[in-house]
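Notes follow the structure.
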Amino acid sequence: MRYPFPVGKADFIPGDEAIARAAILAGCRFYAGYPITPASEIFEAMALYMPLVDGVSIQMEDELGSIAAIIGASWAGAKAMTATSGPGFSLMQENLGYAVMTETPIVVVNMMRGGPSTGQPTFPSQGDIMQAIWGTHGDHMLIVLSPSTVQEAFDLTIRAFNLAEKYRTPVVLLGDAELAHMRERVYIPTPDEIEVINRKLPANEEEARLPFGDPHGDGVPPMPIFGKGYRTYVTGLTHDENGHPRTVEPEVQERLIGRIYRKILDHKDDIISYEKFGLDDADVAIVSTGIVSRSAIRAVKMLRERGVKAGLLKLHTVWPFDFDMIEELAEGVKKILVPEMNMGQLYHLVKEGANGKAEVELIPKVGGEVHTPMEIAEKVVG
Amino acid sequence: MYLKDAYDVRDKYLRKEMLPTIFCPGCGIGSALQFTLRAIDDLGYSQDEIVWVSGIGCSSRVPGYVNFDGLHTTHGRALAFATGIKLANPDLKIIAFMGDGDTSAIGGNHFIHAIRRNLDVTVILINNFTYGMTGGQVAPTTLKGLKGTTAPYGQFENPFDIAGLAVSAGANYVARWSVFNYLQGINSIKKALQKEGFSLVEFLSPCPVSFGRRNRMKTAPELLRWYQKITVPLNKAKKMSPEELEGKVVIGEFADRDRPGLVRSYMEYRERAKKMMGWEE
Ligand SMILES: Cc1ncc(C[n+]2csc(CCOP(=O)(O)OP(=O)(O)O)c2C)c(N)n1
Ligand code: SF4
């Protein structure tokens with residue numbers, strides 16, 4: 001297979017470009033989108049590359065259409081992605097829920113900007129964390145990843161596709177305007193250097209007849225894609241294992257929603273990833289995700305130089321959330337600080353996890369600038 | 001035309017375990033479905049090469065009853081989902097079963113853009129002049145003066161002519177009939193299914209329960225008699241003045257052309273891309 005960009009070597013590219021290349025290496029062959037700052041460059045890169053790798057890139061009429069198209073493409077067997085920013089992400093929420101309910105593997109990138117509303121199009125924020133987790137209506141469970149460097153944007157995009165396929169679920173990748181436009185050195189691997197996971201297909205007719213069952217006991221049904229002769233009916237209505245609508249029996253809803261939760265939560269250890277810096281002997285812990293983590297790492301180094309025992313927990317997975325790990329962390333430190341570029345979203349999760357075992361303090365920041373390391377360090381020493 | 005026994009059509013194409021349907025007695029959706037299945041049968045298409053898509057509404061429940069691959073999606077968005085299915089696997093033939101509200105209100109934007117792109121899809125449109133599933137609110141198709149629960153004193157807005165909209169947006173094939181015109185209906189669906197690009201067959205379809213009841217037409221026969229009164233065949237309509245056509249619905253075949261469909265256009269685009277990048281001669 002020939003790639004429209006160099007593989008097996010490093011390149012100096014912006015986050016948006018890294019996401020597009022990673023998607024192609026992960027097997028994405030369908031992209032539908034609608035232009036919006038700061039995600040447009042993902043679309044522009046996909047528009048350039050997709051026809052060359054026999055994929056599809058199409059500009060839809062809006063974001064409702066974009067996510068709808070990628071769900072359709074996924075049922076037709078393609079790995080599919082869309083990318084947007086805040087206002088577009090809001091428009092996608094109804095069909096994001098549809099993807100959860102129909103267990104459709106898709107990847108939705110949200111390069112966050114300052115909001116609400118059209119807000120600050122060219123400035124970064126982390127204001128959509130809660131929306132990514134809980135934006136669609138009803139009880140649902142999906143996966144949310146959050147990179148902090150261009151290399152991580154690349155790596156986590158591949159991971160997003162793999163998790164989507166493995167667990168038959170939508171995966172949201174939360175970046176931000178800073179990451180979207182910032183150029184960094186990224187290693188672009190050759191295809192045999194990366195692990196690519198593909199969805200389970202039905203092994204036989206019997207499995208195909210249960211497109212929403214659990215034949216393997218892992219909560220993830222094989223996906224009978226269209227055109228293979230299985231005659232699968234897919235609906236966003238509450239459905240039984242066969243896919244038939246059953247909207248008035250409480251136990252059918254309970255079973256379906258229960259399994260959609262379980263298939264993610266039972267595999268938390270596989271899904272959740274993070275990095276720890278200097279936490280072993282820390283008195284104070286910083287918990288952060290995304291772009292802010294870069295300042296947080298620097299802050300920890302500055303504090304250590306001053307003799308303050310500070311450490312950092314940098315989350316790559318924002319959802320599902322490891323509340324137990326945070327509680328354990330809280331048991332070993334006096335204080336946890338949560339710097340984030342919003343008025344407090346990750347903070348709520350960390351506070352719940354800490355469960356009163358340590359004081360949790362928010363370091364909020366809005367306006368479009370990333371916290372400086374000094375701003376974080378000063379809060380730590382009080 | 002030789003018509004197969006309705007039971008044969010039913011046995012061949014419906015999912016028995018899903019019956020009975022949710023449709024009310026006298027509802028016209030079943031007729032339009034029957035026409036569609038007869039057209040498929042006559043053309044000899046395989047059940048495995050067709051995917052049915054729909055949005056939300058009574059008419060959108062149809063894909064659940066037929067034994068094909070089917071995607072029952074969100075209100076108004078069926079054609080956007082279909083765009084993904086078709087471009088990801090052009091071998092699949094797509095039938096979209098849609099309501100008039102689904103198509104022209106919440107789905108209006110997807111509708112005109114799917115037509116503009118000439119998406120390869122056949123839309124079977126159930127126009128019952130109302131929102132059936134939600135209990136008879138007015139729709140963008142409700143004729144002036146008719147009642148719905150959200151315009152209890154009679155609709156004051158102008159209606160959409162969905163078939164007309166499709167013609168001007170560029171659809172390759174557009175026809176409108178009432179479910180009363182069954183031979184024309186079946187023939188139109190057959191033509192539509194064989195078309196590259198976007199095709200639309202609209203059916204005026206009785207909804208006695210949500211619509212008729214509020215407009216002094218409690219039964220399907222009353223609604224059919226009303227259709228006879230308000231419909232005008234295209235040839236006749238051409239000779240009528242705008243004043244005479246006020247409140248009437250023209251039926252017939254409005255477009256039949258062969259512009260390239262989206263799949264063909266995209267495949268050509270792909271080739272162009274490869275040539276421009278020097279990947280292919
Ligand atoms: C986003 C959204 N808004 C509203 C609804 C409620 N709703 C369900 S069906 C329907 C209208 C159906 O009317 P139509 O499309 O004409 O189809 P019919 O039922 O008449 O066949 C509405 C408004 C919904 N399901 N989703
Ligand atoms: S409400 Fe109207 S459109 Fe819906 S099933 Fe009943 S008769 Fe048919």
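The values are calculated or read from the model by the stated rules, or taken from the named source; none is laboratory data. Since this is a predicted model, take the numbers as computed values, not measurements. We place every Cβ from the backbone using ideal geometry, glycine too, and count neighbours over all the protein chains shown.
Every residue in region A:311-331 that is farther than 24 Å from A:P124 by Cβ and not in a loop (DSSP other than H, G, I, E, B), please. Within region A:311-331, A:G311, A:F323, A:D324, A:M325, A:I326, A:E327, A:E328, A:L329, A:A330, A:E331 meet the criteria. When A:E206 is tested against (1) in a loop (DSSP other than H, G, I, E, B); (2) farther than 16 Å from B:H72 by Cα, just one condition goes unmet, and that condition is (1). Only residues that are more than 7 Å from ligand 1 (Cβ to nearest atom) and farther than 15 Å from B:R176 by Cβ: list them for region B:117-136, please. Answer for region B:117-136, where residues must be more than 7 Å from ligand 1 (Cβ to nearest atom) and farther than 15 Å from B:R176 by Cβ: B:R117, B:N118, B:L119, B:D120, B:V121, B:G135, B:G136. Looking across region B:49-61, just one residue is at the interface with chain A (Cβ under 9 Å from one of its Cβ atoms) and either within 11 Å of ligand 2 (Cβ to nearest atom) or free of Cβ contacts under 8 Å to residues at least 12 places away in the same chain (or both), and that is B:R61.
Taking the conditions (1) more than 14 Å from ligand 1 (Cβ to nearest atom); (2) in contact (Cβ under 8 Å) with a residue 40 or more places away in the chain; (3) of a type outside the set (V, I, T); (4) facing chain A (nearest Cβ under 9 Å) in turn, B:P90 satisfies each one other than (4). Taken as a whole, the structure places B:V179 among residues that are away from chain A (no Cβ under 14 Å), within 14 Å of ligand 1 (Cβ to nearest atom), in contact with a strand residue (DSSP E or B) (Cβ under 9 Å, 6 or more places away or on another chain) and of a type in the set (V, I, T). Any chance region B:158-173 includes a residue that's under 28 Å from B:K191 (Cα atoms) and in a strand (DSSP E or B)? Among the residues of region B:158-173, at least one is under 28 Å from B:K191 (Cα atoms) and in a strand (DSSP E or B), which makes the answer yes. For region B:21-46, filtered to residues that are small (G, A, S) and more than 16 Å from ligand 1 (Cβ to nearest atom), the residue that is farthest from the other protein chains (Cβ to nearest Cβ) is B:A39. Looking at (1) among the small types (G, A, S); (2) within 23 Å of A:F5 (Cα to Cα); (3) out of contact with any Phe, Trp or Tyr (no Cβ under 9 Å at 6 or more places or on another chain), find the lone condition where A:S90 falls short. (2) is the only condition that A:S90 fails.
Quick one: in region B:19-29, of everything that is touching a helix residue (DSSP H, G or I) at 6+ places or on another chain (Cβ under 9 Å) and not hydrophobic (A, V, I, L, M, F, W, C), which residue is surrounded by the fewest Cβ atoms within 10 Å (Cβ to Cβ)? Walk me through it before giving the result.
As a first pass, look at region B:19-29 and keep what is touching a helix residue (DSSP H, G or I) at 6+ places or on another chain (Cβ under 9 Å): B:19, B:21-23, B:25-29.
Filter once more, so that each one left must be not hydrophobic (A, V, I, L, M, F, W, C): B:21, B:25-26, B:28.
Values: B:T21: 16, B:P25: 8, B:G26: 18, B:G28: 25.
So the residue we want is B:P25.
Checking every residue in region B:202-209 against the condition of being part of a helix (DSSP H, G or I) and within 16 Å of ligand 1 (Cβ to nearest atom) gives zero matches. Among helices (runs of 4 or more DSSP H) entirely within region A:27-116, having at least 1 residues that are surrounded by fewer than 21 Cβ atoms within 10 Å (Cβ to Cβ), at the interface with chain B (Cβ under 10 Å from one of its Cβ atoms) and touching a residue at least 60 places away in the same chain (Cβ under 8 Å) singles out A:86-101. Here the condition is being at pLDDT 95 or above and buried (at least 18 other Cβ atoms within 10 Å of the Cβ); of B:L234, B:L223, it holds for B:L223 alone.
In the list A:L312, A:L337, which residue meets the criterion of being more than 19 Å from A:T149 (Cα to Cα) and buried (at least 20 other Cβ atoms within 10 Å of the Cβ)? Steps first, please.
Working: A:L312 fails: more than 19 Å from A:T149 (Cα to Cα).
Matching residue, one of A:L312, A:L337: A:L337.
Among B:G101, B:G64, which is over 26 Å from B:S168 (Cβ atoms), within 16 Å of ligand 2 (Cβ to nearest atom), not charged (D, E, K, R) and not in a strand (DSSP E or B)?
Just one listed residue meets the conditions, B:G64.
Could we say that B:A114 is more than 12 Å from ligand 1 (Cβ to nearest atom), outside any loop (DSSP other than H, G, I, E, B) and either crowded, with 20+ Cβ neighbours inside 10 Å or more than 11 Å from chain A (Cβ to nearest Cβ) (or both) here? Taking the combined requirement at face value, the residue satisfies it. Screening A:T372 against (1) at pLDDT 95 or above; (2) out of contact with any Lys or Arg (no Cβ under 6 Å at 6 or more places or on another chain); (3) surrounded by 15 or more Cβ atoms within 10 Å (Cβ to Cβ) leaves a single unmet condition, (3).
Residues are listed down the side, and each one gets a yes or a no for (1) surrounded by 20 or more Cβ atoms within 10 Å (Cβ to Cβ); (2) in contact with a strand residue (DSSP E or B) (Cβ under 9 Å, 6 or more places away or on another chain); (3) at pLDDT below 95; (4) of a type in the set (D, E, K, R):
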residue	(1), (2), (3), (4)
A:S288	yes, yes, no, no
A:F323	no, no, no, no
A:A330	yes, yes, no, no
A:G344	no, yes, no, no
